[in-house]
Amino acid sequence: MDRAKRFLSGFALAVVAVLAAAAPVGAKGDPTGAATIGTDPNAAVNFAWVLITAFLVFFMQPGFALLGAGLIRAKNTVNYLTKSFMDFCMGALGWWVAGFALMFGGAGAIVGASAVQGAGDGNPLIGLSGFFLTGDAYDVTTATFWLFQMVFAATAATIVAGIVAERMKINAYLAYSFLVTALIYPIYGHWMWGAGWLWTLPFGAGARDFAGSGVVHAVGGFVGLAGAIMVGPRLGRFVEGKSPTKFPGHSIPLVVAGTFILFFGWFGFNPGSTLAATDLRISVIAVNTFLAGTTGAVAALYWSLARTGKADIVLACNGSLAGLVGITAPCAYVAPWAAVVIGAIAPLVMIATNNLVELLKIDDAVGAVGVHAGGGLWGLLAIGIFADGTYGGVSGLVVGETGQIIAQLINMGVVTAWSLGTGLLVFAAIKYSPIGLRASRQEELSGLDVPEHGTDAYPAEVAGTAR
Amino acid sequence: MDRAKRFLSGFALAVVAVLAAAAPVGAKGDPTGAATIGTDPNAAVNFAWVLITAFLVFFMQPGFALLGAGLIRAKNTVNYLTKSFMDFCMGALGWWVAGFALMFGGAGAIVGASAVQGAGDGNPLIGLSGFFLTGDAYDVTTATFWLFQMVFAATAATIVAGIVAERMKINAYLAYSFLVTALIYPIYGHWMWGAGWLWTLPFGAGARDFAGSGVVHAVGGFVGLAGAIMVGPRLGRFVEGKSPTKFPGHSIPLVVAGTFILFFGWFGFNPGSTLAATDLRISVIAVNTFLAGTTGAVAALYWSLARTGKADIVLACNGSLAGLVGITAPCAYVAPWAAVVIGAIAPLVMIATNNLVELLKIDDAVGAVGVHAGGGLWGLLAIGIFADGTYGGVSGLVVGETGQIIAQLINMGVVTAWSLGTGLLVFAAIKYSPIGLRASRQEELSGLDVPEHGTDAYPAEVAGTAR
Amino acid sequence: MDRAKRFLSGFALAVVAVLAAAAPVGAKGDPTGAATIGTDPNAAVNFAWVLITAFLVFFMQPGFALLGAGLIRAKNTVNYLTKSFMDFCMGALGWWVAGFALMFGGAGAIVGASAVQGAGDGNPLIGLSGFFLTGDAYDVTTATFWLFQMVFAATAATIVAGIVAERMKINAYLAYSFLVTALIYPIYGHWMWGAGWLWTLPFGAGARDFAGSGVVHAVGGFVGLAGAIMVGPRLGRFVEGKSPTKFPGHSIPLVVAGTFILFFGWFGFNPGSTLAATDLRISVIAVNTFLAGTTGAVAALYWSLARTGKADIVLACNGSLAGLVGITAPCAYVAPWAAVVIGAIAPLVMIATNNLVELLKIDDAVGAVGVHAGGGLWGLLAIGIFADGTYGGVSGLVVGETGQIIAQLINMGVVTAWSLGTGLLVFAAIKYSPIGLRASRQEELSGLDVPEHGTDAYPAEVAGTAR
């Protein structure tokens, strides 16, 4: 009962801390929306659009959960699912406490200064307002924007769970989840979407990343790569003198279900990023998203048929996701034919990236570094190549402009360095803290589920009590 | 073939009965919407909003199905899934025949008397119009409202399936499903959302329950408790002189998938309850829902870590749901910081409730009484504490008003007494009818799937014919 | 590496081919929507409505994937899932290359000639413009419409996967997927929704099929029937002198999850088919869809209880889907009471159809011919009976008009002949091509998963490495 008492005193302390966030309604906030709807007749349709697409992005969480669970062994499935479920929960706190404010404080230049109340202060390096959604930030427009951006942060966070699966401790991962959404994701994010220094680079239109090939996917992929480096490969993955061991997953139905759910959620991710239904480009974005995701699957499947004579569904699923990641940055700037090309090339970038990771004896348990870091960089580059100048003033090589690709290349370097660098720092800090990073050898051999969570993924069947 | 003949004559009879519902288009109904769109320029966005959020609420059905299936033993999974699938189907008939009319007849004071055609008659105790969606009720506005409220009724109904799982007969459950949506749910619901006597209590703004912590969740939880009492505990659950036996579920992936789906659907449940996208408070409601669901999970997980050293994912999932249930009533009336507090406290209420239920030797197979009845009462109470007066004229203790909490306490007593009382009546009636309530000892030991449904949940693997 | 080289040269060739689709923005296209939103104040809400419902229809893909996977044996599950995942991907290419143009070229009479840019040319027999979404077709309105119709085509395509499961080769199915969306589906579709000759039949209002009982479901069901005839029954299904063998599926949870997802997606399928939220009939359509789906389940379940004393959940799921297919054509033209009748009769049509198919010794592995072909024809007929004249000028027998049912009966004959005929042609062409149609006897006995895909559906458990 000592432990329960300790929990309860910690809990009471936390509640008191939260009460500190209780502030009177700010003078500039509009918490009911009565003023906002009075001045903007399009507010209803735009709020509905952004919220519904945010819900779809939220729904990508079970997509990642099922995909990753299917790709790993049954004995670590509860551990993975716990991470996958808890990262967006821990991340919600990180985002509420600090992340949103660091990322979007002062972002008015992009998202409409007058619109997002309570988040006015910031500079090109960092945002400084919007903490706890309180005071002026207790506002319907700010709340809409906060939620939409929150589910993006949660997507970046959960990418990591698969990469480091089957050996990282749950407590280490909980600490990481909070830190990535409170610090790593928002600071780089501010440089782009917070109207920071990357957004205003003096090449082309400045660095651009419409829905987050870089901000979300490359960040998630590279932080995950950092995690994989710090935690080390799974036992038996790389054995001296043998080719790397592949550990088969435990459920193809979960893999396919997860991929379908992710594809569905992407229709929120990309089209929702206009932040307005009145921006009718949403339909072209949706079509581009669909075409890149489908051609990614086709290219990957035929690659596997060509290589091995087998139709590899896991590769096709990952190829589809690579296509989706690849189109995420350029989705608003390119024509449908370009989406087909971007989607078809993405799985090749993914495969090359994953081969390189394996060559470096880094263990990515689900191939997500190739999908998200590889596909993410490809998406950023693709803007510089395929942007056709119809939207947002962004023009690439296909229409004869060379400035944009320079901005994109700089951004590709920055996102890689930032995510990998801060990722290594955070995971090193956890590793050498009392928390520690890696499960014991004994736990890893038996699987992390019972030692860390007290249950198997399919408990009744193990216990023989199912029938 | 006798049986088939009997089915066909019953079927023909039912079709003839339905034909009685065929009535000419009522004089006041607008079945195409041409008149409605002509007078209300916001009708399109509000219809789209209410319908899409209704679809999301509908999607909570598979959430409950997968969650419950994961939490029980494989041998009763087909039985549970059949109940979970059929309850909304039987409920649809109950709602169409009677439920909607009893609940919303005369509810114009709340939902706009001129808007919901064909549902004008009713009094503070019961509604009396809107049967069969026919006559004047064959109207686009009435249809929108009917569907949105239907999926809420279905949510209340399906909560019960988990609580009484693994021993209640399918036929008993089918009878219950019809009765709860035709009678129990709508009559209490009328008192609140039908502008009935609770809505107009002379304390604070009257009893309030924005999206149904009480109307949906507490009703479902307490009716389920009544069912658990009447059907009795599963064999071996409570053995004299031993501590209660926990039966492990059979699939954590199903539990997590179900919880994620429920969380997703809650974004329809709470924000949709404005019944209009032009009410921009929808964004604050969505943020509050998100924050309460995530902090519920965090509090429950750390509770389990503090108590046992294990990160209990099932408890975290139920904690998340408790947070969501807890915020459902107050979601529109409170600020985000209060949502964090409400969500953090909800799992503690849930755990205490479930401990009490177990102490009373009542067997809730999935812990849903704590989530829905415990969390539901907490949500009703929370309005009286945290409502900040910005919305709907509802003010609680935090802004120095004491009247509201009195209305809430009265409502908490009423919902408990009504749901538990009528639940006991209905299940007793079924128990002592020719249908009967409980499967035989033999069936329960072998599992209900084969005797009641003719198949196992994973049939080919059992039969050894899968490979 | 020769194979990889061959893949890469083919890939390069394909990319070059795609570049041919790169054309300058057409003079009449509006690729950003700035002009469109300027002239149509309702464009935002209508775009949002059509896109979001399209996303829901897309989400029916995992519904079919999980449903079918649950209904077959584990040993062929990877094969089925690969088909189910790849058919919409291959179909996307078929639709982009040709299908959309063949179906909707010249369809202006229905969908607004001025609205869908770049798709103006066509005649009553075939459409001739809108290839590759390029030139004038690079337009926000055209893109919206293209995506909505694309996911419908994908639905028709994937129905086939279940019918021919457990013996058709993956390469044959990939070829089929492309051909059905590029040719079979769009040509018949043009006759109806492309303002073709069926649409303008001189009986009643012309043949009508609001959301595709015929265009989507009957086409999918009959093409699947053709596939089942050409590929032949599974080994051991029909043995001389014995009653037909039923092969049990391997997972009821997958069956129920898939059905729920399909039901959810149907709320996009039917209400979205107004192509506008300003058409408030969407709410009646949603209610009708819901009522038919639920009564279909109830009728099927009570049929099974009457026949066998068991509550057959698989039959209830298929009955629900039959009800949904049945209401798909008439959903906009009938009153709620008629939806109840249509939904209740649909499972009986389904059961009769499936009994007939079995009697003819044709092997439908999942019962989808009854659901989609039987239910689809019933839906077309139901317009002629139940259309009440309130919407679209369509009136059936219930209001004393006899012309409409003649148009419907003609259409029922046409869709059957076209789908079955061209289906037989396409599958015969594949059968006698170097690709071939059927897996070897050896592969079928062992299951198609390992020989065709290199993995089992639950690989780690097979390999014994899960724990």
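Annotations
- Estimated distance in nm for a label pair at A:R3 and B:L445, the labels positioned 7 Å out from Cα along Cα-to-Cβ: 3.7
- Shape call, chain B: gyration tensor on alpha carbons, a/c limit 1.5: oblate
- In a reduced charge model with +1 at each Lys and Arg Cβ and -1 at each Asp and Glu Cβ, region A:1-158 shows a dipole moment near 820 debye about its Cα centre.
- Label separation (B:S243 vs C:N171): 6.2 nm, computed from points 7 Å beyond Cα along the C-beta direction.
- Distance from the axis that maps chain C onto chain B is least for the Cβ of the chain C residue given, with the whole Å value, as C:V45, 3.
- The charge dipole of region B:15-466, taken about the Cα centre with unit charges on the Cβ atoms of Lys, Arg (+1) and Asp, Glu (-1), comes to about 920 debye, rounded to the nearest 20.
- Spin-label model, B:V15/C:S433: points 7 Å from Cα along the beta carbon direction are separated by 4.4 nm.
- Estimated from helices alone, the mean residue ellipticity of chain A at 222 nm is -19000 deg cm²/dmol (sum of -39500 (n - 2.57) over DSSP H runs with n ≥ 4, per residue).
- Mean-position separation - Cα centroids, region B:1-65 and region A:362-414, in angstrom: 48
- Peptides A:324-332, C:405-413, B:35-43, A:221-229, ordered by how many other C-beta atoms sit within 10 Å of their residues on average, highest first, read A:324-332, A:221-229, C:405-413, B:35-43.
- The amide H of A:R438, built 1.01 Å from its N in the peptide plane, has A:K169 as neighbours under 5 Å, considering only residues 5 or more places off or on other chains.
- Under the shape rule built on the C-alpha gyration tensor, where the axes satisfy a ≥ b ≥ c, the protein assembly as shown is rounded, since a/c falls short of 1.5.
- Cα centre as origin, Lys/Arg/Asp/Glu Cβ charges: the protein assembly as shown dipole, Debye: 3280
- Across region C:236-244, rounded Karplus estimates of 3J(HN,Hα) from the backbone phi angles (6.51 cos²θ - 1.76 cosθ + 1.60, θ = phi - 60°) give x, 6, 10, 10, 3, x, 10, 6, x Hz, Gly and Pro being marked x.
- Taking every lysine pair in region B:15-466 that is 8 or more places apart or spans two chains, those with Cα atoms closer than 23 Å amount to 13.
- Shape call, region B:142-255: gyration tensor on alpha carbons, a/c limit 1.5: prolate
- Each copy carries a label point for C:L409 at 7 Å from Cα along the beta-carbon vector; from one copy to the others these points are 7.3, 7.3 nm apart, nearest first.
- Across the identical copies, how the C:G393 labels are spaced - nm, sorted shortest first, 7 Å along Cα→Cβ: 5.0, 5.0
- Accessible-area ranking of A:K75, A:K361, largest first, probe 1.4 Å: A:K361, A:K75
- Membrane-span-like helices in chain C (whole DSSP H runs, Cα extent of at least 30 Å along the helix axis, mean Kyte-Doolittle hydropathy of at least 1.0): C:140-163, C:282-308, C:336-359, C:403-431.
- Sequence-distant residues sharing a close amide H with C:G33 (under 5 Å, placed H): C:V140
- Each other copy holds its own label point for A:L360; taking that point as 7 Å from Cα along Cα to Cβ, the gaps run 5.9, 5.9 nm, nearest first.
- Potential lengthening between C:I410 and C:T39 on full extension [0.36 nm per residue; Cα-Cα distance subtracted]: 129.5 nm
- FRET efficiency estimate (nearest 0.05) - Cβ-Cβ, C:T200 to C:L360, R0 30 angstrom: 0.30
- Amide H partners (placed H, <5 Å) of A:A165, local residues excluded: A:A365
- Per residue, the average separation of C-alpha pairs within less than 8 Å and at least 6 apart gives chain C a relative contact order of 21 percent.
The values are calculated or read from the model by the stated rules, or taken from the named source; none is laboratory data. Fair warning: this is a prediction, and the values are worked out from it, not measured in the lab. Here the Cβ is made from the backbone with ideal geometry for all residues, glycine too, and neighbour counts use every protein chain on show. Please note that ligands, DNA and RNA were not included when accessible areas were found on the heavy atoms of the full protein model with its side chains. Shrake-Rupley method; radii C 1.70, N 1.55, O 1.52, S 1.80 Å.
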